[in-house]
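The values are calculated or read from the model by the stated rules, or taken from the named source; none is laboratory data. Given the structure is predicted, the values throughout are model-derived calculations rather than measurements. All Cβ positions, glycine included, derive from the backbone under ideal geometry; neighbour counts span all protein chains shown. Quick note on the areas: whole protein, heavy atoms, side chains included, nothing else; ligands and nucleic acids left out. Shrake-Rupley method; radii C 1.70, N 1.55, O 1.52, S 1.80 Å.
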Amino acid sequence: MYGLIDANAFYCSAEQVFNPAWRNKAIIVLSNNDGCVVAANRAALNAGIKKFVPYFQVRDLCQQHGVIALSSNYELYSDLSAKMMQVISRFAPEQFIYSIDESFVSFKRSFPAIPCLLTQGQQIRRTVWKECRLPVCVGIGPTLTLAKVANHAAKKIEGYQGVCVIDNDNERISILQKMAAADVWGIGRQTSKRLALMNIKSADQLAKMPAGLAKKQFSIEIERTVRELNGEECKQFDAARADKQQIYSTRSMGERITTLDQLRQALCKHTGIAATKARRQGSLCQVMTIFAASSPFDDQPVSLQSTLRFACPTQCSLEMTQAVFDAAPQVFKPGVRYYKIGVGLLDLVNEHQLQLDLFNPPSNNPALMKVFDGVNGRYGTDTLFLAAQGIHPKWGMRRQLLSPQYTTRWQDIPHIKC
């Protein structure tokens, strides 16, 4: 049996942890540069706020209904996510962190010792709330896909009160009949449209689809989904989320970039972000691209890019940043007011499958990067950083509605009056 623990409206819930007065309020969280709504709790949705719409379109509606709008506080979210995952890890011998607010656990090796999985799920939910003040829902099923289905039921179907266990066919079929095929894990928008043309609209109808036909009409992944919906285990933790073949770090600027020094700093900053992501999934980069562009709404839009190649694949922030620093003039044009910049790692190889070159020895420094990532992981992002990215950049992301970074910034640590 597998479990999936998913935080409810995680960004919004994280904002409420250190501000109890907000716990029954409608809250939305905005994207980079306060552009659009990326998260909304149930109260905000009931007030008519829709996700992924520009903030300026719903600003008046927020004021009318008293909806609290906040900038993305990534430092807070990351820290609370780590604490939540640490609590969850105590309840099962195997854990797979799927995203910032989702974690799979396996009860395979411990299920006989657990008298009741429903009680176990309720205990996980209570403990996460008690120790992290984050509301979560727990879904448990015999496959990873059914654990996702159970989590959907725990969150969306009345009667489950945040915990659902699929341990028999009657329960499985009952939930699948109430669930749309588009809500099944792995079924994208285009796939759901094609399924609808085949008159397959519910998850139960998808489960009854012949597995061979699913493979023929769609792909082997859809076939595995169909089999998993019927209780046949086809997916494992290591296949639940494959390593990315490309890694990008891009950003729209809060303030336009007009000088080469500013452009260099911004590109070096995002090189560090991309390099950290590559190390996290155990990848090395052979080909890298940098780009910078003005707004497409400018009178004469400008977009420039440059491709960098490494003689030996690397994941070292120092080596990659030096290459970007030297190449920045290739994407700089005087007089252009740059609005969006980015870095992409295009040709990635697994660090355990690296083919070395006798004449180009690797210049990686894994020990240094391990310390670098370890310090930043423990004390917060950019505790250690390369000076090439600037000390106090003016081009940084606009976050005018940012809440305090309660757990990662000394000035924002909550004060308790006794």
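What the table below lists for this structure:
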quantity	calculated
Cα-based reach from Lys277 at 29 Å (exclusive), listing lysines while leaving out same-chain residues under 8 positions away	Lys51, Lys83, Lys148, Lys235, Lys244, Lys269, Lys340, Lys370, Lys394
Local electrostatic count at Phe325 - Lys and Arg +1, Asp and Glu -1, tallied over other residues with Cβ under 14 Å	-1
Accessible surface, the stretch 5-146, averaged per residue in Å² (probe 1.4 Å)	45
Solvent-accessible area, 1.4 Å probe, carbon plus sulfur percent, for the stretch 39-79	50
Cleavage-rule hits (chymotrypsin sites (Phe, Trp or Tyr not before Pro)) in the stretch 290-352: DSSP loop, at most 13 neighbouring Cβ within 10 angstrom	Phe297
Excluding exposed DSSP-loop GluC sites (Glu not before Pro) (at most 16 other C-beta within 10 Å), longest clean stretch of the chain	234-418
GNM flexibility winner over the chain from Asn151, Asn170, Asn41 (Cα, springs under 10 Å)	Asn170
Among Ser306, Ile175, Tyr77 the positive-end extreme of the charge dipole of the chain (Cβ point charges)	Ile175
Whole-angstrom gap from the stretch 297-329 to the stretch 263-280, using each part's C-alpha centre	10
Inter-probe distance in nm under a simple model that places probes 7 Å from Cα toward Cβ, at Glu171 and Asp382	4.7
Cβ-based net charge around Gln217, under 11 Å, with every Lys or Arg adding one and every Asp or Glu removing one	+2
Highest-MSF residue in the chain out of Val37, Val17, Val375 [GNM, Cα springs under 10 Å]	Val375
For the chain: rounded, prolate or oblate by the Cα gyration tensor [a/c cutoff 1.5]	prolate
Probe 1.4 Å, accessible area per residue of the stretch 246-367, Å²	51
Protein accessible area in the stretch 134-215, 1.4 Å probe - carbon and sulfur %	47
Accessible area of the stretch 289-370 belonging to carbon and sulfur atoms, whole % at 1.4 Å probe	53
Sequence ranges 363-369, 6-12, ranked by mean other-Cβ count within 10 angstrom, highest first	6-12, 363-369
About the Cα centre, charge dipole magnitude for the chain (Lys/Arg +1, Asp/Glu -1 at Cβ), debye	780
Ellipticity estimate at 222 nm from DSSP helix runs (n ≥ 4, -39,500 (n - 2.57)) divided over the chain, nearest 500	-11500 deg cm²/dmol
GNM result for the chain, Cα springs below 10 Å: residue of Gly377, Gly335, Gly272 fluctuating most strongly	Gly335
Modelled label reach - Leu45, point 7 Å along Cα→Cβ, the stretch 200-214 residues with backbone N closer than 17 Å	none
Charge context of Phe91, other residues only, Cβ under 14 angstrom, K/R +1, D/E -1	+4
